[in-house]
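Notes follow the structure.
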Amino acid sequence: TAKGTGRKRYHLYEASSRYDHVENFIHEIALSQAIDKNELYLHYQLIYNPASEMAIGAEALLRWHSENGGHKQPGDFIPIAEKTGLIVPIGYWVIRQACKDWHQLKAIYGPLFKISVNISRIQLNELNFVAQVLQILQEEGVNPTSMELEITESTTLHSLQEVQLILGKLRNAGFTVALDDFGTGYSSLSMLTQLPIDKLKIDRIFIADGNVPLIAAILAMAKALNLLVVAEGIETSDHFHMLADMQCWGIQGYYINKPMPYTELPTHHALVSR
Ligand code: C2E
Ligand code: MG
Ligand code: MG
Ligand code: MG
C-alpha cells in the first residue's frame, strides 16, 4: 500500500540521515586529531610565467591521509573544517608548513619565488589573524613578501568593509593577495575596484570552455585595474598556447604539473620545453 511504502521510505531516510550524522561526527573527531597525528601534508602546483619561461611561485594544496579513511581531498574535509572551526588551527599549520617548504623551494627556483596559501573566510574572521600569521612567518624566517594569500571570490560576498580592512592590513604587512576562482562568485565588478588585491585567478571553468572573448575581456579589465592574472586549470598544450598568446601573466594546471610533494616538482630545466 501507499502507506506501507511511505513508512518504508521514512525509515530508510531516517536510517541514512542518522548514518550521515554519525559519519560526519567520526570525521570531525578524526580531523581534530589530524595535526597531532601528522596526517596533514601539502601538495604543490607551480605557477608558471610564460614570458620568462620560469616558475614564479607555487600554490600549496592541503591533503589529509586519515588513519581509516585513506587519502582525502580538500573538497571532502575543508567544509567540515570550516563548519567546526578546525580550519583555524589547520590553516595555521598550513602556513607554517608552507614557510618551511618555501626555504627548500627558493633554493631551487630563486629568492623571488612566492608561495601561495588558500585562506578561508573563517580564518579571516579570527581577531588576531594578522598578528598570528606574522608571528608564524617570523618564527620560520620568511618575509611576508614571499607569501601570497588566496581568498575565494565568495569570501567577499559578506561584509565588504570587514574584508577590505583585513586585506588592507595583510597587504600593508607585505603579503600579496589573490582573488581565487574569479568569475564564479557572483561578485559585482564595482566591488572588484574596492578590494585591496594584487591578482585575479581566473576559474578553470572559463579555460575548459575555451571562452576566448571572455578571457580576453577579463585580461583587459585586470590590466586596467592594475591586477596580475593567473589562469587556473591549464590542462593541454592548446590551453597553454591560448593563454600564453594572450599574454596571461601566470599559468597553473595539470599541463605544468599535477599537485605533488615539492620534492617532485619539475625544475626550470624541465619547464623550458613547454
Ligand atoms: P583552488 O584554490 O582553486 O585550487 C585549485 C584546485 O584545482 C585544486 O584542487 C587543484 O588540484 C585543482 N586543479 C589544478 N589544476 C587543475 C587542472 O588542470 N585541471 C583540473 N580539473 N583541476 C585542477 P584541490 O587540491 O582539490 O583543492 C580544492 C580547493 O580546496 C582549492 O581550490 C581551495 O579552495 C581549497 N583548499 C586547498 N587547500 C586549502 C587550504 O590549505 N586551506 C583552505 N582554506 N582551502 C584549501
Ligand atoms: Mg587557490
Ligand atoms: Mg582556484
Ligand atoms: Mg577552486
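Quick notes on this one:
Matching residues to (1) charged (D, E, K, R); (2) within 16 Å of ligand 4 (Cβ to nearest atom); (3) touching a residue at least 24 places away in the same chain (Cβ under 8 Å):
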| position | (1), (2), (3) |
| --- | --- |
| VAL163 | no, no, yes |
| ALA178 | no, yes, yes |
| PHE182 | no, yes, yes |
| LEU189 | no, no, yes |
| THR193 | no, no, yes |
| PRO213 | no, no, no |
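- Test set (1) in contact with a Phe, Trp or Tyr (Cβ under 9 Å, 6 or more places away or on another chain); (2) buried (at least 17 other Cβ atoms within 10 Å of the Cβ); (3) of a type in the set (D, E, K, R) - GLU126 fails condition number: (1)
- Within the stretch 222-259, the set of residues being among the aliphatic types (A, V, I, L, M), surrounded by 15 or more Cβ atoms within 10 Å (Cβ to Cβ) and over 11 Å from TYR48 (Cα atoms) comprises ALA222, LEU227, LEU228, VAL229, MET242, LEU243, MET246.
- Conditions (1) within 15 Å of ligand 1 (Cβ to nearest atom); (2) at pLDDT 95 or above: number failed by LYS169: (1)
- In the stretch 95-154, the residues that are in a loop (DSSP other than H, G, I, E, B) and under 26 Å from ILE80 (Cα atoms): ILE119, SER120, ASN125, GLU126, LEU127, ASN128
- Exclusive hit being under 18 Å from the mean Cα position of the chain (by Cα) and within 14 Å of ligand 1 (Cβ to nearest atom), set ILE234, ILE197: ILE234
- Test: residue in the stretch 258-266 that is more than 16 Å from GLU150 (Cβ to Cβ), modelled with pLDDT under 95 and of a type outside the set (D, E, K, R): yes
The values are calculated or read from the model by the stated rules, or taken from the named source; none is laboratory data. What you are looking at is a predicted structure, and each value in this text was computed from that prediction instead of being measured. As a convention, Cβ positions derive from the backbone with ideal geometry for all residues, glycine included, and neighbour counts pool all protein chains shown.
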